[in-house]
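*Asks:* Before we start, here is the structure in question, set down as structure tokens.
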Amino acid sequence: MYVSLLVAPSAAVAQRPQPITPAEDLLITGNDPGKYGGRVVVALRAEPKTLNPVTALDQPSREVMGRMMADLLHINALSQQAEPALAKSWKVSKDGLRYTLTLRRNLRFSDGHAMNADDVLFTFQVLLDEKINSPQRDLLTIGGKPISVQKVDDATVLFELASPYAAAERLFDSMEILPRHLLQDAYHAGTLARAWNLTTPPSQIAGMGPFRLKEYVPGQKLTLERNPYYWKMDRSRQRLPYLDELVFLFVSSEDAQVLRFEAGEADMIQRLSADNYSALQKDAVSRHFRLFDLGPSLDYNFLLFNLNSAIPKEAADIVRHQEWFRNVNFRQAVSEAVDRAAIVRLVFHGRGTALWSSVTPANKLWLDASLPHAPRSIEHAKQLLRKSGFSWNAEGALLDKSGAPVEFSILTSASNAQRSQMATLIQDDLKQLGMKVQAVPLEFKSMLDRVFQTHNYDTAIMALGGGDVDPNSQINVWMSNGGSHLWNLGETKPATDWEAQIDTLMNQQLTTLDYKRRKQLYDRVQEIAAQQLPFINLASPNVLVGARERIGNFQPAILDHYTLWNVEQLYIK
Amino acid sequence: MRFLLGRLMRSGFLLVGVSLLSFLLLQLAPGDFFDEMKLDPQISPQTIAGLRTQFGLDRSLPVRYGLWLQSAARGDFGYSFAYNSPVAPLLKTRVRNTALLAGVSTLIAWLLALVIGVWSAMRAGHWDDRLCTGVMSISLALPDVLVALALLLVATRTGVFPVGGMVSTDFADLTLWQKARDIGAHMMLPVLALVFGLVPTLVRHVRSSVAEALSAPWVRAARAHGIAPGRLLLRHVLPVAANPLISLFGVSLATLLSVSLLIEIIMSWPGLGPFFLEAIMARDVYVVIGTVLLSTVFLVAGNLIADGLLFAADPRIRRS
């Protein structure tokens, strides 16, 4: 390949934006007008695996495609609310079952081909096709039935839901509109899943995003160039985006990314650890970049108890340990013994936030602010244990009712240093209750296998997050039959009364359209979770990002994509 | 000819054996490619089950191995779950970069080792030979990872060398000469790290085999006959000392490849290393098997080349 690169002709002149015509129904952005030209280089933790939005499963692919594609409605990363995108407006029927979306007129894909309601219809037909196994299909299945889509006219599309679904407009976010003219042959031939891989020529790929594919060099980088037909303009009527090019470098570790950023080879960095944030801080001025601590993220780290009913036969110990774990006083005692402040201080160097709920303070719309934060108290934790029949021997070791010492293990992912540190801290905290806890770091997939398949573990430290703030994005965590109901997977009916209660509340909020009422219902879920503690929430890392000073309109957000969500507005000063 | 044919046949069996073992061992590793999707609360277990069926992960091991053999026969070497594409073309683009790095490093390392080794053998017992042996022992003891990290540190602190990758972002806009220089600059650190790791071992071998040849009675006799030292060394001593070194060449090619994977990961060189690591972590099994097979091919090819060279160099082997 280096040979072919050597003889390749040098790069063509940057693609100029197309002049704006009055017929085009462009969206006017509120940003400060910038100037055209330049390139921004960002590093990706791994190579994107595909450019096919229908089958993409990995984060890097989504990060790249998010800049090449656009959706009908979009969640604004700053306001966290849904707002018009390719659809200019939307109307909801009173019963919440019918969504009528009006499309912007005379828009073009990045290859210059016109976009209309047929492309929207095609997109949803593909996403809802069972044979394709698109992950988006699950989001578009409501009340057990897929959403139905009808074309009203060239610029109007009607979506019908089988049952009311709260905040259904958020579902349209990230449902990237596909060009029918490029993909329908592959779809009819049954090869859509393989279309648009990394070897597809750029001319065969088009989207509605601010950038389009220019070049992919395996193992090294992927270059996007300006989509000259993009459908947004600034208030001085300049068509966006401003940048000529957006380059994604593949740099496999965070440390290597930091080096590249520091050396000026990358212009932005995101998902920084607190360690690297402080290491970079001292060079910020001399190397002309700025670092941003945006406060808590939506990610929550938690200690998880194995409450599964199906436990492998060879793991008889776990069944015995579950007697403790099922006791709510035991879980509460553990929660009260954990020093969350120490986790924030030592693991996140203060750049994190202690948690008492899996809704983090970043989620201002849905956090139940009245939730009590039980202070750390070893004394009270001991009282709780005593109440449940636990006792201590002469050496101070905790014994259960049958006189057996309380000993168990905490599983963590070996590749995640932060979670391993949390396990060590918790080990120390619980020692003060007389519990003998062992931290067991395992390779990530092996750990997932234990949690999801074999259930061969006592407790584990994991993290979940959300791409979205809405409670519906967490519904499979809370519902007892949900695929992410980690503490007891595969329940056919709720194992406990409180889980039954959460099921009912989550189902109710799902069909409640009024925000205030929904908030009350979700607050109640958070209260029950705080009392019953299936997860012991620990801390949320802050969102830490950095960018060169010369990048204008840089406005990082706590919703993904933290730094590139407004890439069309970025410019080189 | 029969000698080479026999070697080739054995290599074929070795490849089948390696593929079978990789299959079995990967089967034993817990978890599969789609496990990570379970962490996304927005993807249902049904979708994951559908994907596992689509990629044939629900079939039995012998069936999967049979299917893989078929696909290997077609030249695809299986299908990558992550890239949704056959494995062979994915490997092809990356193996070139690895071959470039490993090839250049082998060449430089051997050139250096021959010069230093022969010189050191000729100065055997003098203080400068002792010093050289001492330095080589110390560098032999330094782990490659440490050397690579130290080089990276120097690169970031001084800003002289690029800190990773293979080309600059403005590569496409450069002239031919600038492109060659750009790749050269990016190669500098990984090549240095690899050469540093390889040279001490090679020097020790070169030194001992040349020293051994030099101490042979016929060398003393030749010297007594007044044959010039330069001619004696090049025409008589080196060919005799070459045999063990040729065998070592085959092995060095294989060890260099395995070290190179590690260095590639540290230095973000876009070769097989980072690709292989990611595939293992993600349980993208056919990519892992493909890479393992490819490294085996390198090993076998290295040994075959060495065998061929020995065959050409040593009349005794030809006769047997």
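*Asks:* Please pick out the residue among B:LEU57, B:LEU21, B:LEU69, B:LEU61 that is modelled with pLDDT of 90 or more, surrounded by fewer than 19 Cβ atoms within 10 Å (Cβ to Cβ) and over 21 Å from A:LEU51 (Cα atoms). Step through it out loud before you land on a result.
*Replies:* Values: B:LEU57 fails: modelled with pLDDT of 90 or more; B:LEU69 fails: modelled with pLDDT of 90 or more; B:LEU61 fails: modelled with pLDDT of 90 or more.
Only one candidate qualifies: B:LEU21.
*Asks:* In the stretch A:142-161, what count of residues is obtained for those that are surrounded by fewer than 19 Cβ atoms within 10 Å (Cβ to Cβ) and either aromatic (Phe, Trp, Tyr) or not assigned by TED's automatic domain parsing to the domain that holds A:GLU130 (or both)?
*Replies:* Of the residues in the stretch A:142-161, 0 are surrounded by fewer than 19 Cβ atoms within 10 Å (Cβ to Cβ) and either aromatic (Phe, Trp, Tyr) or not assigned by TED's automatic domain parsing to the domain that holds A:GLU130 (or both).
*Asks:* What are the residues in the stretch A:458-477 that are in contact with a His (Cβ under 8 Å, 6 or more places away or on another chain) and within 8 Å of another protein chain (Cβ to nearest Cβ), if any? Show your work before the answer.
*Replies:* First, pick out the residues of the stretch A:458-477 that are in contact with a His (Cβ under 8 Å, 6 or more places away or on another chain): A:458, A:476-477.
Those that are in contact with a His (Cβ under 8 Å, 6 or more places away or on another chain) and within 8 Å of another protein chain (Cβ to nearest Cβ): A:ASN476, A:VAL477.
*Asks:* Continuing with the same structure: What do you reckon, is A:VAL359 within 24 Å of the chain's Cα centre (by Cα), assigned by TED's automatic domain parsing to the domain that holds A:ALA337 and in contact (Cβ under 8 Å) with a residue 60 or more places away in the chain? Reasoning before the result, please.
*Replies:* Details: within 24 Å of the chain's Cα centre (by Cα): yes; assigned by TED's automatic domain parsing to the domain that holds A:ALA337: yes; in contact (Cβ under 8 Å) with a residue 60 or more places away in the chain: yes.
Considered against the rule, which asks whether it is within 24 Å of the chain's Cα centre (by Cα), assigned by TED's automatic domain parsing to the domain that holds A:ALA337 and in contact (Cβ under 8 Å) with a residue 60 or more places away in the chain, A:VAL359 comes out as yes.
*Asks:* Considering only helices (runs of 4 or more DSSP H) fully contained in the stretch B:199-293, which possess at least 1 residues that are touching a residue at least 24 places away in the same chain (Cβ under 8 Å) and not assigned by TED's automatic domain parsing to the domain that holds B:PHE34?
*Replies:* Result: B:238-266, B:272-282.
Here's the yes/no breakdown for (1) touching an Asp or Glu at 6+ places or on another chain (Cβ under 6 Å); (2) closer than 30 Å to A:LEU442 by Cα; (3) without any contact (Cβ under 8 Å) to a residue 40 or more places away in the chain:
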residue	(1), (2), (3)
B:LEU24	no, yes, yes
B:GLY31	yes, yes, no
B:GLU36	no, yes, no
B:SER44	yes, yes, yes
B:ASP58	no, yes, yes
B:ARG64	no, yes, no
B:GLN70	no, no, yes
B:ALA73	no, no, yes
B:ALA82	yes, yes, no
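*Asks:* Here's a follow-up. Just to be sure, is A:THR223 touching a residue at least 24 places away in the same chain (Cβ under 8 Å) and under 15 Å from A:GLU47 (Cα atoms)? Full working, then the answer.
*Replies:* Values: touching a residue at least 24 places away in the same chain (Cβ under 8 Å): yes; under 15 Å from A:GLU47 (Cα atoms): yes.
Here the answer is yes, as A:THR223 does meet what is asked.
*Asks:* Of the conditions (1) more than 10 Å from every other protein chain (Cβ to nearest Cβ); (2) surrounded by fewer than 19 Cβ atoms within 10 Å (Cβ to Cβ); (3) under 29 Å from the mean Cα position of the chain (by Cα), B:PRO89 clears all except one; give me its number.
*Replies:* Every condition holds for B:PRO89 apart from (1).
*Asks:* I've got another one for you. Take the residues in the stretch A:444-457 that are among the hydroxyl-bearing types (Ser, Thr, Tyr) and part of a helix (DSSP H, G or I); name whichever of them is farthest from the other protein chains (Cβ to nearest Cβ). Break it down into steps so the answer makes sense when it comes.
*Replies:* At the first step, the residues of the stretch A:444-457 found to be among the hydroxyl-bearing types (Ser, Thr, Tyr) are A:446, A:454, A:457.
Of the ones still in play, those that are also part of a helix (DSSP H, G or I) are A:446, A:454.
Details: A:SER446: 4, A:THR454: 8 Å.
Result: A:THR454.
*Asks:* Would you mind stating whether A:GLY467 is surrounded by fewer than 19 Cβ atoms within 10 Å (Cβ to Cβ) and at pLDDT below 90? Full working, then the answer.
*Replies:* Numbers: surrounded by fewer than 19 Cβ atoms within 10 Å (Cβ to Cβ): yes; at pLDDT below 90: yes.
When the stated conditions are applied, A:GLY467 passes them.
*Asks:* Looking only at the stretch B:53-62, decide whether some residue is more than 10 Å from every other protein chain (Cβ to nearest Cβ) and part of a helix (DSSP H, G or I).
*Replies:* For the stretch B:53-62, residues more than 10 Å from every other protein chain (Cβ to nearest Cβ) and part of a helix (DSSP H, G or I): present.
*Asks:* For A:ASN472, are the conditions met, namely being under 29 Å from A:GLU314 (Cβ atoms), surrounded by 19 or more Cβ atoms within 10 Å (Cβ to Cβ) and in the same structural domain as A:GLN322 (by TED's automatic domain parsing)?
*Replies:* Working: under 29 Å from A:GLU314 (Cβ atoms): no; surrounded by 19 or more Cβ atoms within 10 Å (Cβ to Cβ): yes; in the same structural domain as A:GLN322 (by TED's automatic domain parsing): yes.
No, not satisfied.
*Asks:* Enumerate the strands (runs of 3 or more DSSP E) found wholly within the stretch A:40-126, keeping only those where 1 or more residues are within 14 Å of another protein chain (Cβ to nearest Cβ) and touching a Ser or Thr at 6+ places or on another chain (Cβ under 6 Å).
*Replies:* On the way: elements: A:73-75, A:82-84, A:87-92, A:98-103.
Output list is empty.
*Asks:* I'd like the full set of residues that are at the interface with another protein chain (Cβ under 10 Å from one of its Cβ atoms) and either under 20 Å from B:PRO270 (Cβ atoms) or assigned to a helix (DSSP H, G or I) (or both), limited to the stretch B:67-83.
*Replies:* B:SER80, B:ALA82, B:TYR83
*Asks:* Return the total of residues in the stretch B:277-315 being closer than 24 Å to B:PHE13 by Cβ and either more than 14 Å from the chain's Cα centre (by Cα) or within 14 Å of chain A (Cβ to nearest Cβ) (or both). Explain how you work it out, then say what you get.
*Replies:* Applying the first criterion (closer than 24 Å to B:PHE13 by Cβ) to the stretch B:277-315 yields B:285-311.
Checking the rest, the ones that are also either more than 14 Å from the chain's Cα centre (by Cα) or within 14 Å of chain A (Cβ to nearest Cβ) (or both) come to B:285-291, B:304-311.
Looking only at that region, the number is 15.
*Asks:* Looking only at the stretch B:163-215, count how many residues are closer than 19 Å to B:LEU261 by Cα and either facing another protein chain (nearest Cβ under 8 Å) or among the aromatic types (Phe, Trp, Tyr) (or both).
*Replies:* Matching residues across the stretch B:163-215 total 7.
*Asks:* Please specify each residue of the stretch A:413-441 satisfying the condition of being part of a strand (DSSP E or B), away from every other protein chain (no Cβ under 14 Å), surrounded by 16 or more Cβ atoms within 10 Å (Cβ to Cβ) and out of contact with any Lys or Arg (no Cβ under 9 Å at 6 or more places or on another chain).
*Replies:* As a first pass, look at the stretch A:413-441 and keep what is part of a strand (DSSP E or B): A:413, A:436-441.
This time we only want the ones that are away from every other protein chain (no Cβ under 14 Å), so: A:436-439, A:441.
Still in the list and also surrounded by 16 or more Cβ atoms within 10 Å (Cβ to Cβ): A:437, A:439, A:441.
Correct list: A:ALA439 only.
The values are calculated or read from the model by the stated rules, or taken from the named source; none is laboratory data. Keep in mind it's a predicted model, so treat the numbers as computed, not measured. Cβ coordinates were reconstructed from backbone atoms using ideal geometry, including for glycine residues, and neighbour counts include every protein chain displayed.
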